[in-house]
Amino acid sequence: MSIVIVTLSSFVCLKLSNILALFKKQREPSRLPSKTDAEFDRISNLPGHVIDQILSRLPIRDAVRSSVLSRKWRYKWATIPCLVFDNHCFNFSSQDQSFIKNKLVNIIDHVLLLHNGPIHKFKLSHRDLLGVTDIDRWILCISRSSIKEVVLEIWKGQRYKPPSCLFNCQNLVHLELFNCLLKPPLMFKGFKNLKSLDLQHITITQDVFEKLVSSCPSLERLTLMNFTGVTHLIIDAPNLQFFDIGGIFEDVSFLNTVHLSLVSIGLYVNIDNEENDARDNSSKLLRFFVNLPHIRRLEIQSYFLKYLAMGYVPSRLPNLCVDLNHLSIRIDFDDLEENTAALCLLRSCPNLQELEMLARPEEQSSMERSTNFWEDDHWSSLFAHLRLVKVSGISGVKSEMDFIKFLLSNSPVLELLTVKPASQEGEWELMKELLRFRRASIYAEVIYLDP
């Protein structure tokens, strides 16, 4: 059925461009029905639910234009439950920002005024639209419907502060905000049905963030990128399964997150471990993993490994990550503390199947250090399940090559090692050295990718 619907959608879109030609033919003297007329009649006589499916797959501009197809199609668009206003809907030839803004406002006002029926999704993401007060009026309008999904992406201007009526939408399942200032009313009790929360380029206070997350008991997905106002992230979400964060913060901890299985976390600023160790000697590694018993996929980005290396680093975690099968780490291979933290993670993932190691080129030293960290005998057991490995951003220094050698010699079921250097400098020597390394797996294939 879905294939037929998509075909009909394309068919209708093509016919919209020929409507004027059809009207011209209707003015001609009566004649026998043509093939084009017959096709037009078939469009007119489509079942109502098929028309609804077609309109739901059209941009709002084309959905509105479909009113000219026939009397049956007239204002049928006014009942579609999903309203998306983005750059795909409008194409303005003028470069006058005032003209574009007024045109956008008039179009959205017109659509909301004529809309008749529930609105389940409202997306506003036009790159020429500022955080104007008109948005308050639109949010008030959709808050009176059984809105389930709201996406507000304000690409220009200052942070937009959503009105208090947004926080009255208790049927919300997905909320996505970009370039916004979040300040819910004091009486806000949370979103009881919210499953997905995506906050990017936002300003929010520490208390508001903690209350927002903890008061969404159904929350399963949380994305937080480039935020200000929060330094200590406390994630208290009993049903959370996916967590993706990137920004500048001092600390992160999980409470009541036993179902969390996919985590991607990046710290966008370098930190001084010696300064932090003087203030806090507790183990960041132990505290980070204590409430992640079922994690399956972990991505450690930017400088977050340096954060995990703060304080006491055990040889392995007391509770192994037995479900973790995919691990991605951005690392400075010349940093002893980061290597120690990475080794702890590798020892604590007995069922690891996929591993990605990304070197930070800006951290690499032109002078080779004397450390032989990965040459030492660290291993009491093998990577029994490791099949796929990717190492990227390396420059061929000894610490990097020692790690690759260590990996190849301790992975008996390895199938593929992909190496992608940071530059082409010395790539021939790097390739030759890789081929000389002993491999524990007779099936292991080494692929060298150009930078």
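Scan the range 317-330 for residues that are open to solvent by 20 Å² or more (accessible area, probe 1.4 Å), closer than 27 Å to T418 by Cβ and either among the aromatic types (F, W, Y) or in contact with a helix residue (DSSP H, G or I) (Cβ under 8 Å, 6 or more places away or on another chain) (or both) and jot them down.
R330
For the range 66-107, how many residues meet the condition of being closer than 13 Å to D128 by Cβ, at pLDDT 80 or above and of a type in the set (A, V, I, L, M)?
So the answer is 3.
Considering each residue of the range 281-316, count those that are basic (K, R) and surrounded by fewer than 19 Cβ atoms within 10 Å (Cβ to Cβ), and give that number. If you could, list the steps in order and put the result at the bottom.
Kept after step one, since they are basic (K, R), are these residues of the range 281-316: 284, 287, 296-297, 306, 316.
Checking which are surrounded by fewer than 19 Cβ atoms within 10 Å (Cβ to Cβ) leaves us with 287, 296-297, 316.
Residues that pass the stated criteria total 4.
Take the residues of the range 129-149 that are in contact (Cβ under 8 Å) with a residue 12 or more places away in the chain, in a loop (DSSP other than H, G, I, E, B) and not hydrophobic (A, V, I, L, M, F, W, C): which is most open to solvent (accessible area, probe 1.4 Å)?
Ranking the candidates gives K148 first.
What is the residue count in the range 183-214 for residues that are open to solvent by less than 30 Å² (accessible area, probe 1.4 Å), closer than 19 Å to P163 by Cα and either among the small types (G, A, S) or more than 20 Å from the chain's Cα centre (by Cα) (or both)?
Within the range 183-214, residues that are open to solvent by less than 30 Å² (accessible area, probe 1.4 Å), closer than 19 Å to P163 by Cα and either among the small types (G, A, S) or more than 20 Å from the chain's Cα centre (by Cα) (or both) number 4.
Is there a residue being outside any helix (DSSP H, G or I), over 22 Å from Q353 (Cβ atoms), touching a strand residue (DSSP E or B) at 6+ places or on another chain (Cβ under 7 Å) and open to solvent by 50 Å² or more (accessible area, probe 1.4 Å) anywhere in the range 395-406?
Yes; the residues of the range 395-406 include at least one that is outside any helix (DSSP H, G or I), over 22 Å from Q353 (Cβ atoms), touching a strand residue (DSSP E or B) at 6+ places or on another chain (Cβ under 7 Å) and open to solvent by 50 Å² or more (accessible area, probe 1.4 Å).
Does E362 meet the test of being at pLDDT below 90 and in a loop (DSSP other than H, G, I, E, B)? Please lay out each step first, then the result.
Details: at pLDDT below 90: yes; in a loop (DSSP other than H, G, I, E, B): no.
Criteria not met by E362.
Yes or no: the range 150-169 includes at least one residue that is assigned to a loop (DSSP other than H, G, I, E, B), modelled with pLDDT under 95 and farther than 18 Å from I202 by Cα.
no
Please work out if C344 is open to solvent by less than 50 Å² (accessible area, probe 1.4 Å), in contact (Cβ under 8 Å) with a residue 12 or more places away in the chain and assigned to a helix (DSSP H, G or I). Break it down into steps so the answer makes sense when it comes.
Numbers: open to solvent by less than 50 Å² (accessible area, probe 1.4 Å): yes; in contact (Cβ under 8 Å) with a residue 12 or more places away in the chain: yes; assigned to a helix (DSSP H, G or I): yes.
Judged against the criteria, C344 is a match.
Can you tell me which residue within the range 113-128, out of those that are assigned to a loop (DSSP other than H, G, I, E, B) and farther than 21 Å from L194 by Cα, is least open to solvent (accessible area, probe 1.4 Å)?
Just the residues of the range 113-128 that are assigned to a loop (DSSP other than H, G, I, E, B), to begin with: 115-120, 126-128.
Okay, now just the ones that are also farther than 21 Å from L194 by Cα, so 115-117, 126-128.
Details: H115: 25, N116: 111, G117: 38, H126: 7, R127: 125, D128: 40 Å².
The extreme case among them is H126.
Just checking, which of N102, N106 is outside any loop (DSSP other than H, G, I, E, B), within 17 Å of V64 (Cβ to Cβ) and open to solvent by 60 Å² or more (accessible area, probe 1.4 Å)? Working first, answer last.
Values: N102 fails: within 17 Å of V64 (Cβ to Cβ).
Answer to the check: N106.
Which is assigned to a loop (DSSP other than H, G, I, E, B) and touching a Ser or Thr at 6+ places or on another chain (Cβ under 6 Å), of P217, P238, P185, P293? Show your work before the answer.
Details: P217 fails: touching a Ser or Thr at 6+ places or on another chain (Cβ under 6 Å); P238 fails: touching a Ser or Thr at 6+ places or on another chain (Cβ under 6 Å); P293 fails: touching a Ser or Thr at 6+ places or on another chain (Cβ under 6 Å).
So the residue among P217, P238, P185, P293 that is assigned to a loop (DSSP other than H, G, I, E, B) and touching a Ser or Thr at 6+ places or on another chain (Cβ under 6 Å) is P185.
If L430 satisfies every condition in (1) in a helix (DSSP H, G or I); (2) hydrophobic (A, V, I, L, M, F, W, C); (3) open to solvent by 50 Å² or more (accessible area, probe 1.4 Å) but one, which is the exception?
Status for L430: all satisfied but (3).
The values are calculated or read from the model by the stated rules, or taken from the named source; none is laboratory data. Just so it is clear, the structure is predicted and the values come from calculations on it, not from any experiment. Quick reminder, even Gly has a Cβ in these numbers, built from the backbone with ideal geometry, and neighbours come from all protein chains shown. SASA here: full protein model, heavy atoms, side chains in, ligands and nucleic acids out. Shrake-Rupley method; radii C 1.70, N 1.55, O 1.52, S 1.80 Å.
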